[in-house]
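Read through the structure below, which is laid out as structure tokens, and then see the notes.
The values are calculated or read from the model by the stated rules, or taken from the named source; none is laboratory data. This structure is a prediction, so every number in the text was calculated from the model and none was measured. Cβ sites come from the backbone with ideal geometry, for glycine too, and all protein chains shown count toward neighbours. Heavy atoms of the whole protein, side chains included, go into the accessibility calculation; ligands, DNA and RNA do not. Shrake-Rupley method; radii C 1.70, N 1.55, O 1.52, S 1.80 Å.
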Amino acid sequence: MGALPDCHLIRRRVQHLRALVSPLLGPLVLMALAPAAAAQLGPPPVPAENPITEPKRLLGKALFWDEQLSSDNTVACGTCHIPGFGGSDPRADLLGRDPGLDGVVGTADDKVGSPGLVSTDAAGDYNPHPVFGLERQITSRSASSPIGAAHFFELFWDGRAEGKFRDPLSGQVVIQSGAALETQSLGPIVSDVEMADRGRGWAEVVQRLEQVRPLALASDLPPDVDRALALSASYSKLFQRAFGTAEITPVRIAFALATYQRSLVPNATPFDDFMRGDQGAMNAQQIRGMNLFDSTAVCAVCHTPPLFANGGYHSIALRPSSEDPGRYGVTGDPQDLGRVKTPSLRNVALRGRYFQIGRAHV
């Protein structure tokens, strides 16, 4: 018999401990074993090197939603991370699948990811992909939500975006710790699956931003962005307002995108109102569900309130670990094979797809 998935091991340990001590101490033990549900989700941590300012947040918001940040003007960060769907991608499974390890679409190891770009070479000419041909490439993992991401110390399903942020041009450490958002934000922009021509570098990204009008392809801009663009109708001016000079650099792009994402804190729910003392914010059925979640069902061991995640990595054996090494691909530790980061359950009702494979079932 193979090793049990992490979730079953956790459940067995907690249930065994409860069986030993609950007859002696009664409900006090159950309260101690359950995470502190009364905690509230506060503001996310902010690295001192990148303090939050309103001009920087507005610049980051413009960049996050601007399709012109991609090589072909069709993909923005917000294309795959839509707030109305809990920060996930509702297009997943409608525009194709990643074929998985076997290279064949329509089999059990398919991944429901996000559509990116048609494969192109460094000159911007179409270069048929061996699997997707001249269709849009599909990412090999589902899109993680940026809503609440600022509360995690590592990002992506495998945690490869860690807290130390380096300038991608010089390799110099710019932020020592707490900068997973800055680290994560730059990857998709130069990924030849997600947003870039093959071989696209930061010089091309900067040149594009120097030339285009911010959000020129967008309509119905929110009032805060509309006002900002009325004052600063170019990216150079937006960078000037955010950083004091008009220079556009990868570090500044990362700082702005991270600052915007630190404003996406999902703490305005009935649960949060209830924890703030509004006893009428949740009905009796919801309260029973919360108590079950925190105690008997053992959900909160991994999905710990108030973030409803524990920052850890677990394998729940949805698919063989050979299909996705998970955290092992970052650490090289055999114990991490198949383990992926516990996602937050905040806004989960808005997401139609779950897990890193992007499927509600297997």
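No other residue among Gly103, Gly116 is farther than 30 Å from Glu204 by Cβ and either touching a helix residue (DSSP H, G or I) at 6+ places or on another chain (Cβ under 7 Å) or not aliphatic (A, V, I, L, M) (or both) apart from Gly103. Every listed requirement among (1) at pLDDT 90 or above; (2) out of contact with any strand residue (DSSP E or B) (no Cβ under 6 Å at 6 or more places or on another chain) is met by Pro320 save one, (1). Among the listed residues Ala281, Ala300, Ala349, which satisfies the condition of being more than 16 Å from Asp158 (Cα to Cα), small (Gly, Ala, Ser) and not in a helix (DSSP H, G or I)? Matching residue, one of Ala281, Ala300, Ala349: Ala281.
In the stretch 289-324, the qualifying residues are those that are closer than 16 Å to Asp336 by Cα and of a type in the set (Gly, Ala, Ser), and the one that is most open to solvent (accessible area, probe 1.4 Å) is Ser322. Ala242 meets each of the listed conditions (1) farther than 28 Å from Leu169 by Cβ; (2) surrounded by 20 or more Cβ atoms within 10 Å (Cβ to Cβ); (3) among the hydrophobic types (A, V, I, L, M, F, W, C) apart from (1). In the stretch 148-169, the residue that is nearest to Leu345 (Cα to Cα) out of those that are assigned to a loop (DSSP other than H, G, I, E, B), open to solvent by 10 Å² or more (accessible area, probe 1.4 Å) and out of contact with any strand residue (DSSP E or B) (no Cβ under 8 Å at 6 or more places or on another chain) is Phe153. Within the stretch 325-337, the residues that satisfy the criterion of being in a helix (DSSP H, G or I) and open to solvent by 30 Å² or more (accessible area, probe 1.4 Å) are Tyr328, Gly329, Val330, Thr331, Pro334, Gln335. The residue list Ser263, Ser236, Ser185 contains one member that is open to solvent by 30 Å² or more (accessible area, probe 1.4 Å) and closer than 18 Å to Ile52 by Cα, which is Ser263.
When the stretch 338-351 is filtered for residues that are touching a Cys at 6+ places or on another chain (Cβ under 9 Å) and either among the acidic types (Asp, Glu) or open to solvent by 20 Å² or more (accessible area, probe 1.4 Å) (or both), only Leu345 remains.
Take the conditions in contact with a Lys or Arg (Cβ under 6 Å, 6 or more places away or on another chain) and open to solvent by less than 40 Å² (accessible area, probe 1.4 Å) and apply them to Ala281. Does it pass? Taking the combined requirement at face value, the residue does not satisfy it. If you take the residues of the stretch 161-186 that are touching a Gly at 6+ places or on another chain (Cβ under 8 Å) and among the hydrophobic types (A, V, I, L, M, F, W, C), which of them is farthest from Ile147 (Cα to Cα)? Once the filter is applied, the top-ranked residue is Ile175.
With the checklist (1) under 25 Å from Glu204 (Cβ atoms); (2) crowded, with 17+ Cβ neighbours inside 10 Å; (3) in contact with a helix residue (DSSP H, G or I) (Cβ under 8 Å, 6 or more places away or on another chain) in hand, flag the one item Asn73 doesn't pass. Failing condition for Asn73: (2). Residue count for the stretch 247-260 satisfying the condition of being open to solvent by less than 40 Å² (accessible area, probe 1.4 Å) and more than 23 Å from Pro146 (Cα to Cα): 1.
One line per residue, one yes/no per condition, for (1) open to solvent by 20 Å² or more (accessible area, probe 1.4 Å); (2) closer than 28 Å to Ser321 by Cβ; (3) at pLDDT below 95; (4) in a loop (DSSP other than H, G, I, E, B):
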site	(1), (2), (3), (4)
Val131	yes, yes, yes, yes
Gln137	no, yes, yes, no
Pro146	no, yes, yes, yes
Gly171	yes, no, no, yes
Val193	yes, yes, yes, yes
Ala196	no, no, yes, yes
Ala203	yes, no, no, no
Arg208	yes, no, no, no
Asp220	yes, no, yes, yes
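Let's see how each residue does on (1) buried (at least 17 other Cβ atoms within 10 Å of the Cβ); (2) within 22 Å of Pro130 (Cβ to Cβ); (3) within 20 Å of the chain's Cα centre (by Cα); (4) of a type outside the set (Lys, Arg):
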| position | (1), (2), (3), (4) |
| --- | --- |
| Thr53 | no, no, no, yes |
| Lys61 | yes, no, yes, no |
| Cys80 | yes, no, yes, yes |
| Pro90 | no, no, yes, yes |
| Val104 | no, yes, no, yes |
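Only one of the numbered conditions (1) at pLDDT below 85; (2) in contact with a strand residue (DSSP E or B) (Cβ under 8 Å, 6 or more places away or on another chain) is violated by Val75, and that is (1). Remark: pairs (first residue in the stretch 329-341, in contact (Cβ under 8 Å) with a residue 40 or more places away in the chain; second residue in a strand (DSSP E or B); Cβ separation under 6 Å; 6+ apart in sequence or on different chains) = Arg339/Tyr313; Arg339/His314; Arg339/Gly326; Val340/Gly326; Lys341/Tyr313. Is it the case that Leu229 is part of a helix (DSSP H, G or I), open to solvent by 60 Å² or more (accessible area, probe 1.4 Å) and of a type in the set (A, V, I, L, M)? Answer is no for this residue.
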